[in-house]
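*Asks:* Provided herewith is a single structure, encoded as structure tokens, for subsequent inquiry.
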Amino acid sequence: MQGDTNLPRRSFLIGSAGTVVAGALSARAVAQEKPAAAAPSAAPAAAAEAGNAAKPLPPYVAWKKADALIVHSSNTIETKRSAFGTSVITPMDELFIRNNVAPPPETTAGDVDAWEVAIEGVAKSRAMTLKELKTFGVETVATILQCSGNGRSYFKHKAKGTPWTVGAAGCVVWTGVPLREITKELGGVLPGRQYITGTGGEPIPAGLDPKSMMVERSVPVEALDTALLAWEANGKPIPHAHGGPVRLIVPGYFGVNNVKYIKTLSFTEKESDAKIQSGSYRYAAVGEKILVSQTPVWKMPVKSWVTQPLQDAQSGRVQIHGVAFGGAKAVSKVEVSTDGGKSWNDAHFIGPDLGPFAWRTFAFSADLKPGTYLITSRATDADGAVQPEDTEDNDHGYGFNGWKAQAVDVTVA
Ligand SMILES: Nc1nc2c(c(=O)[nH]1)N[C@H]1C(S)=C(S)[C@@H](COP(=O)(O)O)O[C@H]1N2
Ligand SMILES: [Mo]
């Protein structure tokens, strides 16, 4: 029932041998990513919220809401589980941050329209400014931006990397020009071009191998139907920290495919040979090296999590809230359990439906007597794929969507 989502499946995870490669980006990026300790705590959400509360926001995101965020490092900042609320859209000042390398210098507001993107692999390839791109078309889409490492701390094998709980994700409304309008304008995609490859605008320090550092990602060309070059997020110009002036948005695909500060958009015959595509962000068996033969983190699978209550509740009527999504397709149903998954109750969606790539907020009204409860949720996508109890381990800890480890211990008094 997994459809075409890129879930790690047993068949992908067996058969390749090798040693573990850490991070696979620059030594610097890996150092930034190293978790203090990815201890598999009984309540990782609470532990993370308490343990990291003291770390201040780095200057480039000083405008964010510190009390809604957990700062793992200057380039890895997570939204607190308690901050998601019930209003569908994640405000930019509460949205998580993930940079693989140091961002490029900020474009001054007046120069935003002059930002150039080279469009390649089409009949009339050329560079064009954002100002010109804006004339080709406009569309708005709500998508879930979710790091493929979201939930990494719930994997049993202590995967290396940032120990995200549920908060390396958000739901954002993007405005931009559809790629299909751009390709139409430029005479169409050249034959045999099977991938859309986006390159980020980070400068690569001299002396370093660009391929080992550059953020260049490829997705199947079928994403052309829904992808955008976006300049607006939640009704405002995309903040620099989130990829402004122009960002590639690939609805339904994991965060890393949504290339920030995009400089080149190329229709290519092959996937990029940059390390972030070829040597990382793929599902490898635990202890095995990432190989190009393994499945990349592309489409997101079905997932949900509870956002309230997270610790205590008053006995009587309790509103259990959360978010649920199908990933690369709509979510059709979500259930809530108050007994750790022994029994399930249908929850109802409470927020507006912003389309198949957005998440939906949900609620279940429970009558709870004093006691302790293990509360969790389980979503089903439009094709009937059900969020699993657990996600099979993979070396780098990608694609976690299990309902069991995300359950919260709640004391009702
Ligand atoms: N240019 C560029 N794009 C990038 C990245 C990056 O480091 N550089 N990080 C990727 C990863 S791994 C994720 S999860 C998302 C994070 O987006 P955000 O920082 O806007 O939340 O951006 C993706 N796009
Ligand atoms: Mo990510």
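The values are calculated or read from the model by the stated rules, or taken from the named source; none is laboratory data. Values in this document were obtained by computation on a predicted structure and should not be read as measured data. Virtual Cβ from ideal backbone geometry, glycine too; neighbours counted across all protein chains shown. Accessible surface areas use protein heavy atoms only, side chains included; no ligands, DNA or RNA. Shrake-Rupley method; radii C 1.70, N 1.55, O 1.52, S 1.80 Å.
*Asks:* Pairs needed: first member in the stretch 159-177, at positive phi; second member anywhere, near ligand 2 (Cβ under 10 Å from one of its atoms) and open to solvent by less than 10 Å² (accessible area, probe 1.4 Å); C-beta distance under 8 Å; at least 6 residues apart or different chains.
*Replies:* GLY161/GLY149
*Asks:* A further question follows. Can you report the number of residues in the stretch 274-318 which are of a type in the set (Phe, Trp, Tyr), away from ligand 1 (no atom under 16 Å from the Cβ) and in a loop (DSSP other than H, G, I, E, B)?
*Replies:* 0
*Asks:* So which residues in the stretch 210-234 are open to solvent by 60 Å² or more (accessible area, probe 1.4 Å) and either at pLDDT 95 or above or part of a strand (DSSP E or B) (or both), if there are any at all?
*Replies:* LYS211, GLU222, ASP225
*Asks:* Of all residues in the stretch 185-205, which are among the aliphatic types (A, V, I, L, M), within 15 Å of ligand 1 (Cβ to nearest atom) and open to solvent by 20 Å² or more (accessible area, probe 1.4 Å)?
*Replies:* ILE204
*Asks:* Next up: Which of the residues that make up the stretch 366-387 are surrounded by fewer than 18 Cβ atoms within 10 Å (Cβ to Cβ) and either farther than 21 Å from SER337 by Cβ or under 19 Å from the mean Cα position of the chain (by Cα) (or both)?
*Replies:* Matches in the stretch 366-387: ALA382, ASP383.
*Asks:* Among the listed residues GLY399, GLY384, GLY351, GLY341, identify the single one that is in contact with a Leu (Cβ under 7 Å, 6 or more places away or on another chain) and outside any strand (DSSP E or B).
*Replies:* Exactly one of GLY399, GLY384, GLY351, GLY341 is in contact with a Leu (Cβ under 7 Å, 6 or more places away or on another chain) and outside any strand (DSSP E or B), namely GLY399.
*Asks:* Starting from the stretch 296-318, take each residue that is touching a residue at least 60 places away in the same chain (Cβ under 8 Å) and list its partners that are open to solvent by 30 Å² or more (accessible area, probe 1.4 Å) and not in a loop (DSSP other than H, G, I, E, B), counting only C-beta distances under 6 angstrom and pairs at least six apart or across chains.
*Replies:* THR307/HIS321; GLN308/HIS321; LEU310/SER82; ASP312/THR411
*Asks:* Report, ordered by the first and then the second residue, all pairs with beta carbons closer than 7 Å, sequence separation of six or more or different chains, a first member in the stretch 235-264 that is closer than 19 Å to ILE89 by Cα and among the β-branched types (Val, Ile, Thr), and a second member that is part of a loop (DSSP other than H, G, I, E, B) and within 10 Å of ligand 1 (Cβ to nearest atom).
*Replies:* ILE238/GLY244; ILE249/ASN258; VAL250/ASN258
*Asks:* Right, here's the next one. How many residues are acidic (Asp, Glu) and either within 14 Å of THR86 (Cα to Cα) or touching a helix residue (DSSP H, G or I) at 6+ places or on another chain (Cβ under 9 Å) (or both) if we restrict to the stretch 313-365?
*Replies:* Matching residues across the stretch 313-365 total 1.
*Asks:* Name every residue in the stretch 246-271 that is more than 11 Å from ligand 1 (Cβ to nearest atom) and open to solvent by less than 10 Å² (accessible area, probe 1.4 Å), in order of residue number.
*Replies:* PRO251, GLY252, LEU265, PHE267
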